[in-house]
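Scroll down for the structure; my scribbles are underneath it.
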Amino acid sequence: MTSVDLDQLKKAAALQAIEFVRAGMVVGLGTGSTAKHMIMALGDKVRAGMKLRGVPTSQETADLARQAGIPLIDAENRWEIDVAIDGADQVDPHFNLIKGGGGALLKEKIVAASSKQFIVVVDHTKQVPVLGGSFPLPIEVIPFGWGSTARDIEALTGSRVVLRERHGVPFKTESGNVIVDVHIDRISQPGELEIALNRIPGVVETGIFVGRTNILVVGTPQGVHILHASQA
């Protein structure tokens with residue numbers, strides 16, 4: 001299946017996901033290629049008269065939302081988010097996720113945690129029997145002493161840790177931190193690993209999302225499948 005075909009599956013799933021959005025809601029807006037489809041479709045609803053407000057998880061998303069005509073809430077507010085919609089890099093059968101391929105994992109997790117309902121939109125290739133393996137785990141760490149933090153992460157996981165770079169220089173998040181990608185073969189206990197990693201000094205947040213997904217919307221060649229957490 002080509003990347004164009006997969007993009008169409010993402011788009012179909014995103015269009016299905018926004019059916020959960022109702023007039024007057026505050027909507028958490030994810031980051032990435034799948035979220036882009038969701039934002040553009042929500043913009044169509046706003047132009048058709050639907051009243052809603054968005055909380056973006058990145059500057060890229062904020063720019064897209066403004067272009068689409070979606071009113072945004074100030075980032076400093078104490079939000080009451082009705083529903084957040086975002087993509088994922090991997091999802092296991094229990095709806096645990098790896099996120100952070102786009103570098104926005106910290107803001108994405110804050111918004112997900114602040115939402116009454118968290119909807120994750122993926123194409124079927126993101127579904128895996130166990131997290132890890134084909135996709136590294138992103139971890140946001142502060143720049144000060146990041147090498148020592150990486151060493152502690154390696155000691156905990158027994159896995160290779162690589163500083164993420166872009167154009168030959170360390171990738172910086174919007175919060176001014178760096179990201180290390182941890183190449184773990186299997187994350188069989190994601191909840192325990194998330195807790196252990198967050199105890200390491202210098203770790204800001206991990207790309208493991210456990211117990212946060214309420215609804216999973218999956219684009220497949222056979223159509224869009226909607227799964228609820230109670231089914232996981």
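Every number in this text was worked out from the coordinates using simple rules, so none of it is lab data. Bear in mind the structure is a predicted one, so any value in this text is a computation, not a measurement. As a convention, Cβ positions derive from the backbone with ideal geometry for all residues, glycine included, and neighbour counts pool all protein chains shown.
All distinct Cα pairs of segment 137-201 go into the 1/r average, and the inverse of that average, the Kirkwood radius, is 12.2 Å.
Could you size up the charge dipole of segment 1-114 around its Cα centre, putting +1 on the beta carbon of Lys and Arg and -1 on that of Asp and Glu, and report it in debye to the nearest 20?
On the way: 13 positive and 14 negative charges, 63 e Å.
So the magnitude is around 300 debye.
Here's how it looks for VAL121: its modeled amide H is under 5 Å from those of ASP86, GLY87, ALA88, VAL217, which are all 5 or more places away or on a different chain. If one computes the Cα centroid of segment 90-165 and of segment 3-47, what distance in Å separates the two points? Result: 22 Å between the Cα centres. Label sites at ASP44 and HIS124, each approximated as a point 7 angstrom past Cα along Cα to Cβ, lie 2.3 nm apart. Here segment 78-125 is treated with +1 on each Lys and Arg Cβ and -1 on each Asp and Glu Cβ, and its dipole about the Cα centre works out to around 220 debye.
Using r as the Cβ-Cβ distance of PHE144 and GLN189, and R0 as 35 Å, what FRET efficiency do you calculate, to the nearest 0.05? It would help to have the intermediate numbers written out before the result.
Working: r = 29 Å, r/R0 = 0.84.
Result of the calculation: an efficiency of 0.75.
What list do you get for SER159, SER230 if you sort them by fewest beta carbons within 10 Å?
SER230, SER159
Charge dipole (Cα centre; +1 on Lys/Arg Cβ, -1 on Asp/Glu Cβ; no other charges) of the chain amounts to roughly 420 debye. Here the chain carries DSSP beta bridges of which approximately 60% are antiparallel, counting only pairs with both residues inside. The largest-to-smallest principal axis extents of the Cα set in the chain are 53, 39, 34 Å.
In the chain, a dipole from Cβ-located charges (positive for Lys and Arg, negative for Asp and Glu) runs towards its positive end, and of GLY87, ALA68, THR31 it is ALA68 whose Cα lies farthest in that direction. On C-alpha positions alone, give me the angle between the axis of helix 33-47 and the longest principal axis of the chain, in degrees, nearest 10. Long axis of 33-47 versus the principal axis of the chain: about 30 degrees.
Which entries in the list LYS51/LYS126; LYS10/LYS107; LYS51/LYS172; LYS99/LYS172; LYS51/LYS99 go over 24 Å, if you measure between the two C-alpha atoms of each?
Numbers: LYS51/LYS126 32 Å; LYS10/LYS107 22 Å; LYS51/LYS172 35 Å; LYS99/LYS172 16 Å; LYS51/LYS99 29 Å.
Going by Cα-Cα distance, LYS51/LYS126; LYS51/LYS172; LYS51/LYS99 fall outside the 24 Å limit.
Straight-line cross-link partners of LYS109 among the aspartates and glutamates, defined as a Cα under 13 Å from its Cα and at least 8 positions apart when in the same chain: ASP86, GLU140, GLU194, GLU205. For a paramagnetic label modelled on GLU165 (point 7 Å from Cα along Cα→Cβ), amide N atoms under 18 Å away belong, within segment 173-189, to 173, 178-183. Tell me which trypsin sites (Lys or Arg not before Pro) from segment 67-126 have a DSSP coil assignment and no more than 16 other beta carbons within 10 Å of their own. Hits after loop and neighbour filter: ARG78.
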